[in-house]
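Data block below; observations after.
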Amino acid sequence: MAASGNGAAGEHTSGRVSQQGAGGLFVSSDNFFLSRRGQITTLAARYVVPAIYPSRDWAEVGGLMTYGASNADSVRQVGVYAGRILKGASPVDLPVMQAVTVEFIINLSTARALGLTVPANLLARADEVIE
């Protein structure tokens, strides 16, 4: 699906991924993919390709699993930075920050639709399970 520029190309690429026997799919965090998350999750489900995605947004539109930086935590960090700058700190003097909190989310309805049984120990490790 990486080369999918439009609906027809996405459909073709998704079909090839399935036909080649891919056991799963990892979708990276890229704005190109994010802007097409509905299409990508729909195609993964249609071709019964289990996939893991980079953020909560994907599980909310039907993605099987997500593991990545917490959007809420990232937004909070931006607010802290903005506050420091507004209080007079020079942006050059602020440390580079990276995500501190990561989330693991499982969408059980998608798992069922794909015919997958998610092991109990994996469900126990999830930060959130979407029914």
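The values are calculated or read from the model by the stated rules, or taken from the named source; none is laboratory data. Since we're looking at a predicted model, the values are computed, not measured. For neighbour counting, all protein chains shown are included, and Cβ atoms are generated from backbone atoms with ideal geometry for every residue, glycine included.
A few remarks follow.
- Number of the condition not met by Glu103 [criteria: (1) touching a residue at least 24 places away in the same chain (Cβ under 8 Å); (2) closer than 20 Å to Thr42 by Cα; (3) not in a helix (DSSP H, G or I)]: (2)
- Residue match in segment 76-93 (condition: surrounded by 12 or more Cβ atoms within 10 Å (Cβ to Cβ), aliphatic (A, V, I, L, M) and under 23 Å from Asn31 (Cα atoms)): no
- Residue in segment 30-89 that is farthest from Ile130 (Cα to Cα), counting only those that are of a type in the set (Asp, Glu) and out of contact with any helix residue (DSSP H, G or I) (no Cβ under 8 Å at 6 or more places or on another chain): Asp30
- The number of residues in segment 55-99 being assigned to a loop (DSSP other than H, G, I, E, B) and of a type in the set (D, E, K, R) comes to 1.
- Cβ separations smaller than 9 Å between residues 6+ apart or across chains give the following pairs from segment 11-35 residues that are more than 18 Å from Val61 (Cβ to Cβ) to residues that are modelled with pLDDT under 70 and exposed (fewer than 11 other Cβ atoms within 10 Å of the Cβ): Thr13/Ala3.
- Test result for Ala126, more than 21 Å from Gly24 (Cα to Cα), modelled with pLDDT of 95 or more, among the small types (Gly, Ala, Ser) and surrounded by 12 or more Cβ atoms within 10 Å (Cβ to Cβ): no
- Criterion (assigned to a helix (DSSP H, G or I), out of contact with any strand residue (DSSP E or B) (no Cβ under 8 Å at 6 or more places or on another chain) and in contact (Cβ under 8 Å) with a residue 12 or more places away in the chain) met by exactly one of Ala111, Ala124: Ala111
- Taking segment 28-54 as the range and being surrounded by 12 or more Cβ atoms within 10 Å (Cβ to Cβ), within 11 Å of the chain's Cα centre (by Cα), modelled with pLDDT under 90 and not in a helix (DSSP H, G or I) as the test, only Ser29 passes.
- Residue list for segment 55-67, filter: surrounded by fewer than 19 Cβ atoms within 10 Å (Cβ to Cβ) and of a type in the set (A, V, I, L, M, F, W, C): Val61
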